[in-house]
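Peer 1: There's a structure below that I have some questions on.
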């Protein structure tokens, strides 16, 4: 039987790793009414904890094995750890990565001199191909999680954490879970010394192999996994990590992608650092657990495991973070298709900030609006819905509707063949409460709005596209309205994109 306490104490990681800080997340602590600590593994040289286990394993290999080189399979962070370890130890490394791996991780591995092979769509497909290479070329396979030396290397995080926490002993430690190497190492160390500390794993709802396996008391193979949190997208957990988790882990919390996006934003607001989805997983789980258990006044630690974020993903993260935090409601509202009804609808929303507005004229009697509204909590959505219904405006709450959030919001519109005398203008509104109502209050009630698109992107100015039905004989009045509005505007009526898709 492996003595993990001894292995962790003797682990060789500090040739490449640094002792990462244990920082208090003050904003999150205040919001959750608990003291929340972040173990900042995103501050490692490869922006992830993975170099600990990779180096500890490779540093333990005989010289002959190192001379033949190593092979690894990884979605990115373990690959960077192996590549760095190979660079320091002076051996060759071949890394098999899924073809879906973010480019930032592929480039980072290649820059350290490792040979990168892209194969398959998941870690498991990359793993099988790496094993074939290792066998054919007699190279040592460095497992990302299911190896005692790798587990011991990751366990050094717990050794640091317990020393850094001192008198502020944590009530619970939240750990992201993929194959299980990180949580196995942390749990093995902590439970030997302080068994009363709760070890809580966190998995995405779309990649919950450990939670399912623990529930069934055997290692299951998931038919497929979601790859948003690609660092933990594993179909089957390790045999040794599963054994240790059965012995030491108290529970597993599952969270959705919106909650992960909200956690990325939470950490950014506290640290100005951007974690990758797997890196923020523990924070999302901590928040969900606190809400469920109604725990107050405790010291809680989340392992911020990595920050290898693909820049292109930030658009999606920003879009979904407000939904994950329940700070945005998404509604579909039907209003009468007549001048003034749009303004009346906006007045019912009060002083709330509108985050998105999509509308296109279609039916001569009723208009369907897709609207995003900034809220404080879920109860506020119910109040808004009740107010709209009192004014006989049919409403659908789409806040939890995946199709609406992912697709429909971008497809509201099309041609409006009955929108006669339509002119299209692009405006820049100052991004402050009341700007939209000022626009509507300035407009003649005789002009019907036939198209409206707005999305708050966090800039100083909101960009709005608006279609207005203006009879030719009223063009002078309309010009006066535009000039008196005080907002920058551009006439887009002859824009070829409008003519092709909307005109």
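The values are calculated or read from the model by the stated rules, or taken from the named source; none is laboratory data. Fair warning: this is a prediction, and the values are worked out from it, not measured in the lab. Reconstructed Cβ throughout: ideal geometry from the backbone, glycine too, with neighbour counts over all protein chains shown.
Peer 1: The conditions are (1) surrounded by 24 or more Cβ atoms within 10 Å (Cβ to Cβ); (2) in contact with a helix residue (DSSP H, G or I) (Cβ under 7 Å, 6 or more places away or on another chain), and residue 191 fails exactly one of them. Which is it?
Peer 2: (1)
Peer 1: A further question follows. Specify the residue that is nearest to residue 105 (Cα to Cα); the eligible residues are those in the stretch 79-93 that are touching a strand residue (DSSP E or B) at 6+ places or on another chain (Cβ under 6 Å) and outside any strand (DSSP E or B).
Peer 2: Across the stretch 79-93, the extreme among qualifying residues is 79.
Rundown of residues vs (1) surrounded by fewer than 21 Cβ atoms within 10 Å (Cβ to Cβ); (2) at pLDDT 80 or above; (3) in contact with a strand residue (DSSP E or B) (Cβ under 6 Å, 6 or more places away or on another chain), yes/no style:
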{"site": "292", "(1), (2), (3)": "yes, yes, no"}
{"site": "301", "(1), (2), (3)": "no, yes, yes"}
{"site": "312", "(1), (2), (3)": "yes, no, no"}
{"site": "316", "(1), (2), (3)": "yes, yes, no"}
{"site": "330", "(1), (2), (3)": "no, yes, yes"}
{"site": "339", "(1), (2), (3)": "yes, no, yes"}
{"site": "347", "(1), (2), (3)": "yes, yes, no"}
{"site": "351", "(1), (2), (3)": "yes, no, no"}
{"site": "362", "(1), (2), (3)": "yes, no, no"}
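Peer 1: Also, I was wondering about something else. Residues to consider are 270, 258, 250; find the one that is surrounded by fewer than 24 Cβ atoms within 10 Å (Cβ to Cβ), in contact with a helix residue (DSSP H, G or I) (Cβ under 6 Å, 6 or more places away or on another chain) and at pLDDT 95 or above.
Peer 2: When all the criteria are applied, what remains is 270.
Peer 1: Now for a different question. Of the numbered conditions (1) buried (at least 24 other Cβ atoms within 10 Å of the Cβ); (2) touching a strand residue (DSSP E or B) at 6+ places or on another chain (Cβ under 7 Å); (3) modelled with pLDDT under 95, residue 233 satisfies every one except a single condition; which is it?
Peer 2: So residue 233 meets the others, but not (2).
Peer 1: Determine which single condition residue 177 fails, assuming it passes every other condition in (1) surrounded by fewer than 17 Cβ atoms within 10 Å (Cβ to Cβ); (2) assigned by TED's automatic domain parsing to the domain that holds residue 255.
Peer 2: (1)
Peer 1: For residue 497, all conditions in the list (1) within 33 Å of the chain's Cα centre (by Cα); (2) under 21 Å from residue 335 (Cα atoms); (3) exposed (fewer than 15 other Cβ atoms within 10 Å of the Cβ); (4) at pLDDT 80 or above hold save one; what is the number of the exception?
Peer 2: Of everything listed in (1) within 33 Å of the chain's Cα centre (by Cα); (2) under 21 Å from residue 335 (Cα atoms); (3) exposed (fewer than 15 other Cβ atoms within 10 Å of the Cβ); (4) at pLDDT 80 or above, residue 497 misses just condition (2).
Peer 1: Here is a further query. Please specify each residue of the stretch 314-351 satisfying the condition of being outside any helix (DSSP H, G or I) and under 12 Å from residue 260 (Cα atoms).
Peer 2: The answer is 325, and nothing else.
Peer 1: Please pick out the residue among 202, 221 that is under 19 Å from residue 98 (Cβ atoms) and not assigned by TED's automatic domain parsing to the domain that holds residue 81.
Peer 2: Step by step, each of 202, 221 is checked, and only 221 is under 19 Å from residue 98 (Cβ atoms) and not assigned by TED's automatic domain parsing to the domain that holds residue 81.
Peer 1: A further question on this structure: Kindly establish whether residue 165 is out of contact with any helix residue (DSSP H, G or I) (no Cβ under 8 Å at 6 or more places or on another chain), buried (at least 18 other Cβ atoms within 10 Å of the Cβ), more than 28 Å from residue 311 (Cα to Cα) and not assigned by TED's automatic domain parsing to the domain that holds residue 188.
Peer 2: No, not satisfied.
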